[in-house]
Amino acid sequence: MEAMLQLSNLHFPPDASLLLNPLACFGLALVIAIVSGELASRLHLPRISAYVMTGMLLGFARGIPQLADMFPAAHRVFELAFALLLFELGQRIDLGWLRRNPWLLITSLAESLLAFTAVGALMILFDQPPILAVLIAGLAASTGPAVILGVCKDSAARGPVTDRLTLLSALGSCYSFVVIGVAFAWQHEKTASPLAVAVLHPLYLVCGSILLGYLCAWTVLRLLAHINPIHNNQTLSAIALIILTVSVANTLDLSIVVSLLCAGILSRSLDKNRRLQPMDFGLISRLALIVVFTASGALLQPAMLASAILPALGVVAARALGKGIGIFLFSRPSGLSLRKASLLWIGMLPMSGASLLWIESTSEIWPGLGSQLAAIILTALMIMELLAPPALQFSLRQADETGEH
Amino acid sequence: MEVLTFTQSKALSLGVELELQIVSRMDGDLTRGATELLAHINRIPHRGDFKPEMTESMIEVSTSVHQNCVTLGAELLEARDTLVAAADRLNLLVCGGGAHPFQHWAERKIFDTPRFHELNGLYGYLAKQFTVFGQHIHIGCTCGDMAMQLLHRLSRYLPHFIALSAASPYYQGVDTAFDSSRLNAISAFPLSGRAPLVTNWEAFTAYFNEMQGFGVIQSMKDFYWDIRPKPEFGTVEIRICDTPLTVEKATALAAFAQTLSHYLIEDKPFPINESIYAVYTVNRFQAARFGMDAELINPVSKQKVSLREDLLETLSTLIPHAAILGTTPMLETLRQLVLRGNDASWMRETYNRTQSLPDLVWQQAGLWADRR
């Protein structure tokens, strides 16, 4: 009898339901994502499209009780992987370019502002409350930095369209953040929070996130100056610091997107002697891409699709229109031909996965508003996660900037 | 049979072509940007002629025809400023140097023109490995006979041009131990090397027609010789130099070529015969490998000489000719270079200080833009 008990402690004979645990599912999802990514690449489609689809399949497992823990865990893993990608993207950005070519700043402000206005106006037309319209427009105005980085890396893209996509998507993410911060302030005021909260909270969000980014960049530079680059030790230390920064941002309720983007940008611009090269996180960044897109696929809920399909399609169309006008208006003075401007426009269509993080923060403070926001934004995001990556890859190929021969 | 007409041009007139690297500000690697740079430059008034080259990471600037090096230098400076301003707007860097220190040739894309695609088809990986950057100097000749004779006499000084201009010690991420690794990329082509020993235009035309008859070449462009006649321009084209790191050095090299040609045409210091070429490849290798420290065999005196000493002696011989052409200050620049070290040694010193090839590229771009 004693021997039997011990055997069952050792899970022998095994119970099939044990395989249905979050870790096993995560591993299985990774394998499916990698294999389907390979398949997609053979069909000349971007790998990240396959990752999103895998995630969506995983999303159907939402009802299984044993996997209840998996979705919050997926959120944390998503955050961490997203942070890595944002840091990497930040390192590719040269803010000095805006000084040397001010038309780029104008293009960036114009495409974001016009997309914001178009989506906002449409939401008002759809009879949405103004605060919801602002939040939706704020989230829809930016372009997904992780999609840009993922597809550009996947196709080894280099060139003027790639450079602009990277820059504009990073700037757009920052504008989005400011708009959402202000919208939060507005909502605080409406829900009768004390004025101090309405003013101080957004200020804390913006300044705190930038400061955290600066501290991360400063520490990365100081630490890495003393670490031998062999055996990828520099890269590994940077990753360790990024994980630390994400955890600090979470604890202090700061924005992971802005902190890590700033950390990336500053770690490059503060490196006067160019001691550190833009870090390529290599395998780890590939893993991060798989995780980000599988997780974002899992967090999308296809069930919502029916309820919000019309406004979501409206969001997709309005932002495309706004971005298009902004990009075409200033393409010539900024040094891009009309043809390449149209490719840039197509490339700028992906929506930002950062919305997933914002929806979570909104839901934590105002659950009602959060679910309304989720319905429209997640549906739009789902449409764009499926359509935008192949479009982006197409535009990079047409611009002749991919490394494929 | 095609008659190869040699356009008459003014003796010792000169022009320069420079092939330049387009690199990314992000990581110093070669990047695609020639199309945007050209489109941008063509929209603004500018001096110098800008052209695409074999890959999207290369741009060529050529000057108009000049009689003296002062105006040539001024045009090159203006063209440089135009290019640097355009590159700034497009977030690109432009730099000199004979080869990119760490680019991987497999990543290069061939510029989208039929000729470049044809070359890619014929030469395979050689075409992409040909992502090397040279300075071509054209010296005007009144007739084809003069061009052929000047060409052969200039061949004796080929090592001098190599050592003065060498700026490609690093290639594919390693120190090649050569001062000019670029020359090794060129030597792989079947029609590289030296022109045949013919001393008049009629004989050269016969040779050209024979090669064309074999179907080996279609036009003069297919000869990748170190020095070749360029009948449509009426010039001798010296193609051996790495693109130097500064415009001033590019001008000084052109001044050296012009002054040396003046000396060779006026004084005819040695006869033209096959012995000039007996040690040609050995000397060429020595200069590419060791730069100023090369040991040459003087094909005329048959003596072993140090390239550095031979160069200093040559520069002294050229003093009266430089006075006539107004190239004295440029030759003084070169004399200093012989004493202090060429671009290849500057690149090695810089790399040894920073241990970073991307940083080296960044500093090369700083030198080119004159922002130090």
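The values are calculated or read from the model by the stated rules, or taken from the named source; none is laboratory data. Computed from a prediction, not measured in an experiment: that's the story for all the values here. Heads up, the Cβs are rebuilt from the backbone with ideal geometry, glycines too, and the neighbour counts pull from every protein chain shown.
Considering only residues of region B:168-188 that are touching a Leu at 6+ places or on another chain (Cβ under 9 Å) and crowded, with 19+ Cβ neighbours inside 10 Å, which is farthest from B:N352 (Cα to Cα)?
My answer is B:A185.
Within region B:212-242, take every residue that is at pLDDT 95 or above and among the aliphatic types (A, V, I, L, M) and give me the one that is surrounded by the most Cβ atoms within 10 Å (Cβ to Cβ).
Checking each candidate, the answer is B:I238.
Under 6 Å between Cβ atoms, which residue pairs at least 6 apart in sequence (or on different chains) link something in region B:353-371 that is in contact (Cβ under 8 Å) with a residue 24 or more places away in the chain with a partner that is in a helix (DSSP H, G or I) and surrounded by fewer than 20 Cβ atoms within 10 Å (Cβ to Cβ)?
From residues that are in contact (Cβ under 8 Å) with a residue 24 or more places away in the chain, the pairs are B:L360/B:T350; B:L360/B:Y351; B:A369/B:V84.
Condition check ((1) hydroxyl-bearing (S, T, Y); (2) within 22 Å of A:V147 (Cα to Cα)) across all residues:
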| position | (1), (2) |
| --- | --- |
| A:R286 | no, yes |
| A:V291 | no, yes |
| A:A295 | no, yes |
| A:L299 | no, yes |
| A:S307 | yes, no |
| A:V315 | no, yes |
| A:M351 | no, yes |
| A:W358 | no, yes |
| A:E364 | no, no |
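Quick one: in region A:161-193, which of the residues that are outside any loop (DSSP other than H, G, I, E, B) and among the polar types (S, T, N, Q) is surrounded by the fewest Cβ atoms within 10 Å (Cβ to Cβ)?
A:Q187
Of everything in region B:308-357, what is surrounded by fewer than 19 Cβ atoms within 10 Å (Cβ to Cβ) and within 14 Å of chain A (Cβ to nearest Cβ)? Give them in sequence order.
If the condition is that a residue be surrounded by fewer than 19 Cβ atoms within 10 Å (Cβ to Cβ) and within 14 Å of chain A (Cβ to nearest Cβ), then B:T350, B:Y351, B:R353, B:T354, B:Q355 are the ones that fit.
For region A:97-117, enumerate the residues that are under 18 Å from A:L349 (Cα atoms) and either more than 13 Å from chain B (Cβ to nearest Cβ) or surrounded by fewer than 17 Cβ atoms within 10 Å (Cβ to Cβ) (or both).
Across region A:97-117, the qualifying residues are A:S108, A:L109, A:A110, A:E111, A:S112, A:L113, A:L114, A:A115, A:F116, A:T117.
What about B:H160, is it under 22 Å from B:P52 (Cα atoms), more than 14 Å from chain A (Cβ to nearest Cβ) and modelled with pLDDT of 90 or more?
So B:H160 fails the test.
Taking only region A:118-158 into account, find how many residues are buried (at least 22 other Cβ atoms within 10 Å of the Cβ) and either among the basic types (K, R) or outside any helix (DSSP H, G or I) (or both).
Residues in region A:118-158 being buried (at least 22 other Cβ atoms within 10 Å of the Cβ) and either among the basic types (K, R) or outside any helix (DSSP H, G or I) (or both): 5 in total.
Filter region B:158-174 for residues that are more than 14 Å from the chain's Cα centre (by Cα) and in a loop (DSSP other than H, G, I, E, B) and give the result.
Hits for region B:158-174 are B:P169, B:Q172, B:G173.
Has region B:62-73 got any residue that is in contact with a helix residue (DSSP H, G or I) (Cβ under 9 Å, 6 or more places away or on another chain) and free of Cβ contacts under 8 Å to residues at least 40 places away in the same chain?
No, region B:62-73 has no match at all.
Just checking, how many residues over region B:74-91 are within 14 Å of chain A (Cβ to nearest Cβ), touching a residue at least 24 places away in the same chain (Cβ under 8 Å) and of a type outside the set (S, T, N, Q)?
Count: 6.
In region B:17-39, how many residues are in a helix (DSSP H, G or I) and either facing chain A (nearest Cβ under 10 Å) or surrounded by 20 or more Cβ atoms within 10 Å (Cβ to Cβ) (or both)?
Counting residues in region B:17-39 that are in a helix (DSSP H, G or I) and either facing chain A (nearest Cβ under 10 Å) or surrounded by 20 or more Cβ atoms within 10 Å (Cβ to Cβ) (or both) gives 5.
Quick test of your reading of the structure: B:W346 fulfils all but one of (1) under 18 Å from B:L154 (Cα atoms); (2) in contact (Cβ under 8 Å) with a residue 24 or more places away in the chain. Name the failing condition by number.
(1)
Test each condition in (1) assigned to a helix (DSSP H, G or I); (2) within 25 Å of B:T314 (Cβ to Cβ) for B:K128 and report the one that comes out false.
Unmet for B:K128, out of (1) assigned to a helix (DSSP H, G or I); (2) within 25 Å of B:T314 (Cβ to Cβ): (2).
Out of A:P333, A:P311, report the one residue that is touching a residue at least 12 places away in the same chain (Cβ under 8 Å) and within 16 Å of A:A374 (Cα to Cα).
That would be A:P311, the only listed residue that is touching a residue at least 12 places away in the same chain (Cβ under 8 Å) and within 16 Å of A:A374 (Cα to Cα).
Whether any residue in region B:269-276 is acidic (D, E), over 17 Å from B:S62 (Cα atoms) and either at pLDDT 95 or above or touching a strand residue (DSSP E or B) at 6+ places or on another chain (Cβ under 7 Å) (or both) is what I want to check.
Checking region B:269-276: not a single residue is acidic (D, E), over 17 Å from B:S62 (Cα atoms) and either at pLDDT 95 or above or touching a strand residue (DSSP E or B) at 6+ places or on another chain (Cβ under 7 Å) (or both).
Are any residues in region B:40-57 closer than 19 Å to B:T113 by Cα, crowded, with 17+ Cβ neighbours inside 10 Å and within 14 Å of chain A (Cβ to nearest Cβ), and if so, which ones?
Scanning region B:40-57 gives B:P52, B:T55, B:E56, B:S57.
Taking the conditions exactly as written (more than 9 Å from chain A (Cβ to nearest Cβ) and within 27 Å of A:L105 (Cβ to Cβ)), does B:C69 satisfy them or not?
no
Only residues that are modelled with pLDDT under 90, among the hydrophobic types (A, V, I, L, M, F, W, C), in contact with a helix residue (DSSP H, G or I) (Cβ under 6 Å, 6 or more places away or on another chain) and over 28 Å from A:A238 (Cβ atoms): list them for region A:32-84, please.
A:L45, A:M56, A:L58, A:A61, A:L67, A:M70, listed by residue number.
For region A:149-180, name all the residues that are of a type in the set (V, I, T) and more than 14 Å from every other protein chain (Cβ to nearest Cβ).
Hits for region A:149-180 are A:V151, A:V178, A:V179, A:I180.
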